[in-house]
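The structure under discussion appears below in the form of structure tokens.
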Amino acid sequence: MDVHSFSRPDQVRVRHLELEFDLRFDRKIVDGSVTLHFEATDQRDLVLDTRDLQIHAVENATGFELGARDPILGSPLKIGLEKGCSWVRVRYSTTPGASGLQWLDPPQTAGKRHPFLYSQSQAIHARSWIPLQDSPAVRVTFQGRVRTPAGLYAVMAAERAGEHFKMTRPVPPYLIALAAGDLEFRPLGERSGVFAEPSVIDAAAREFADTEKMIRAVEEMYGPYRWGRYDLLVLPPSFPFGGMENPCLTFATPTILAGDKSLVSLVAHELAHSWSGNLVTNATWSDFWLNEGFTVYLERRILEKVYGREREEMEAVLGRRELDQEMASLPESDRVLHIALAGRDPDDGCTLVPYEKGALLLRTIEHEVGRERFDQFLRSYFDHFAFQSITTEQFLDYLRRELPVTVPLDEWIFRPGVPAGAAEPHSDAFRRVEEAAARWQRGGAIDTGSWSTQLWLHFLRSLEAPDLGRLDREFHLSEAGNSEILHQWLLMAVRGGYEPAYPRMEQFLAAVGRRKFLKPLYTELMKTPEGQQRARRIYSAARAGYHPIAQATIDGIVGKPQ
Ligand code: BES
Ligand code: ZN
């Protein structure tokens, strides 16, 4: 049972969707219809998930009833079925506040001349723009048609032919995705390319030039890429995530366009989901670590193959440190891999624990059995469960059968924290940076000329109560163009009350809606009375530009502005 869906796929299981969308930018709504196909059934009703939808009519049904709205789950839509029924059609409209859509006005885009729309369905937001069985245990194929006003180009995460789209492989609903705007396309290779606004497309194509290499790297390890094309879509800066692994079309934040490929681990990550997540999917949101832990493990293996061991080690150490930091602020019950989510919003379970602790578990297993055997295991795991949604128990059964290990699996998965015996990552390059940090703190000079983004991040995080004025003077951090370095610096500036960096911080918070950046900055600001005032002022101006998901997060930190 999925506690985050009203649907009953055990009674009637929807297999295919026909989607029709008319994008009404003038009213910020989608006028839609969805035809849901299922095996002929004698069940009396079909229950769908919805949130804030206006249901106009249901065809081929005996009636329908929209239930009371639950603040987390939305409203069940109960549809009465004729005997032997195998399809129904729902005509509906979304509402402007739909949690899974963001409608951007022209000023919020790179080009400033056309509006933009994009969806973000994970975890349980597909129901805010399509009435369906919104559980990752339910997989559907679909076909879609999208009408847009002239001058705007629409894409779905599927095979494309003009305004028609089709997904012939069964996917969970959280992977259904749509975007429209002033988009241009640039090929990256035979089966890959990038969509972005015209003013961003060159930078995007340069940044993602290694995409084909990455695809080949995963294929060599874990078997063929099974989704046809792999394209990327660069979104406007309000996109609340780093990336989203929508099939055939990864959605990405523009904040990874650093100019030097230093932040493309995100591409490796979203691409890796084509195996872990999209091919083998978590059956419930409590099994989320099966998606993300496996993906971070694969991401690092891609980085190692494409950029070398040293890069992989640095990323692994950064992740390991962030995990410890985050765990310190979480209740014990959220430091486990299989987390209890009943009565909670699944977005609450999206901490670094499923990502980094999950990846560390797989790394620890790899260390015990050796890389060759572990890769063989993973390859057969992806084959065995291809196009299925599975639980943690199913993974454990399969692992115990195919690859018995002494790693204490139950402790890793069901108990808080990192067990003894974890395969801890190390980086010699970081050791040298730590020495440099110590020298610098004693007043010495250091040579940072050839430093990568990862070295900078580790350097900044290694400093203890540094002289922020000196840091800024020597390294011009307030002018950093790399979003990760800038974010790290701004966080330190707020912690140390370093006023000269505040204008840059305000500008950053106004321009960027990526939750990973917003959350720590607002949290840090809220720790002092002056910071609180500043946070409220910045947020009340910036909020309208953030995605509903980011708004909900920051409302919880700063409070909802009146
Ligand atoms: N699937 C996630 C994004 C997500 C998770 C959206 C949960 C909604 C609910 C995506 O693959 C992801 O993990 N993105 C990360 C980047 C990654 C490199 C760690 C992000 O957005 O920061
Ligand atoms: Zn992910």
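Key figures for this structure:
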{"item": "Any chance residue 266 is of a type outside the set (Val, Ile, Thr), within 9 Å of ligand 1 (Cβ to nearest atom) and part of a helix (DSSP H, G or I)", "result": "yes"}
{"item": "Residue 260, sole failed condition from (1) within 11 Å of ligand 2 (Cβ to nearest atom); (2) assigned to a loop (DSSP other than H, G, I, E, B)", "result": "(1)"}
{"item": "Which listed residue is among the charged types (D, E, K, R), in contact (Cβ under 8 Å) with a residue 40 or more places away in the chain, in contact with a helix residue (DSSP H, G or I) (Cβ under 8 Å, 6 or more places away or on another chain) and closer than 24 Å to residue 1 by Cα, from 335, 344", "result": "335"}
{"item": "Leading residue by the ranking (farthest from ligand 2 (Cβ to nearest atom)) among those in segment 275-313 that are farther than 20 Å from residue 323 by Cβ and of a type in the set (Ser, Thr, Tyr)", "result": "307"}
{"item": "Flag if residue 217 is in a helix (DSSP H, G or I) and either in contact (Cβ under 8 Å) with a residue 40 or more places away in the chain or within 13 Å of ligand 1 (Cβ to nearest atom) (or both)", "result": "yes"}
{"item": "Every residue from segment 55-91 that is without any contact (Cβ under 8 Å) to a residue 12 or more places away in the chain and of a type in the set (Val, Ile, Thr)", "result": "none"}
{"item": "Strands (runs of 3 or more DSSP E) contained in segment 8-79 and holding at least 2 residues in contact with a helix residue (DSSP H, G or I) (Cβ under 8 Å, 6 or more places away or on another chain)", "result": "45-50"}
{"item": "Residue within segment 112-120 that is in contact with a Leu (Cβ under 9 Å, 6 or more places away or on another chain), among the polar types (S, T, N, Q) and within 16 Å of ligand 2 (Cβ to nearest atom) present", "result": "yes"}
{"item": "Filtered residues of segment 118-140 (kept if part of a helix (DSSP H, G or I) and among the polar types (S, T, N, Q))", "result": "128"}
{"item": "Segment 161-186: number of residues that are within 17 Å of residue 37 (Cβ to Cβ), outside any strand (DSSP E or B) and within 16 Å of ligand 2 (Cβ to nearest atom)", "result": "1"}
{"item": "Criterion: hydrophobic (A, V, I, L, M, F, W, C), crowded, with 23+ Cβ neighbours inside 10 Å and part of a helix (DSSP H, G or I) - qualifying residue of 323, 318, 290", "result": "290"}
{"item": "Residue check for residue 352: surrounded by 14 or more Cβ atoms within 10 Å (Cβ to Cβ), farther than 20 Å from residue 270 by Cβ and within 16 Å of ligand 2 (Cβ to nearest atom)", "result": "no"}
{"item": "Residue within segment 452-467 that is among the aromatic types (Phe, Trp, Tyr) and surrounded by fewer than 17 Cβ atoms within 10 Å (Cβ to Cβ) present", "result": "no"}
{"item": "Those residues of segment 277-304 which are of a type in the set (Asp, Glu), touching a residue at least 40 places away in the same chain (Cβ under 8 Å) and more than 10 Å from ligand 1 (Cβ to nearest atom), in sequence order", "result": "287"}
{"item": "Top-ranked residue in segment 238-251 [being more than 12 Å from ligand 2 (Cβ to nearest atom) and of a type in the set (A, V, I, L, M, F, W, C); ranked as surrounded by the most Cβ atoms within 10 Å (Cβ to Cβ)]", "result": "239"}
{"item": "Matching option when the condition is more than 24 Å from the chain's Cα centre (by Cα) and surrounded by fewer than 19 Cβ atoms within 10 Å (Cβ to Cβ), among 32, 67", "result": "67"}
{"item": "Count - residues of segment 396-436 that are part of a loop (DSSP other than H, G, I, E, B) and free of Cβ contacts under 8 Å to residues at least 40 places away in the same chain", "result": "6"}
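Residue-wise test of (1) within 16 Å of ligand 1 (Cβ to nearest atom); (2) more than 21 Å from residue 511 (Cα to Cα); (3) not aromatic (Phe, Trp, Tyr).
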position: 158; (1), (2), (3): no, yes, yes
position: 161; (1), (2), (3): no, yes, yes
position: 179; (1), (2), (3): yes, no, yes
position: 190; (1), (2), (3): no, yes, yes
position: 199; (1), (2), (3): no, no, yes
position: 228; (1), (2), (3): no, yes, yes
position: 237; (1), (2), (3): yes, no, yes
position: 248; (1), (2), (3): yes, yes, yes
position: 253; (1), (2), (3): yes, no, yes
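Since every read-out is calculated from the coordinates, none of them should be taken as a lab result. Just so it is clear, the model here is predicted, and its values are computed rather than measured. In this analysis, Cβ positions are derived from the backbone assuming ideal geometry, glycine residues included, and neighbour counts consider all displayed protein chains.
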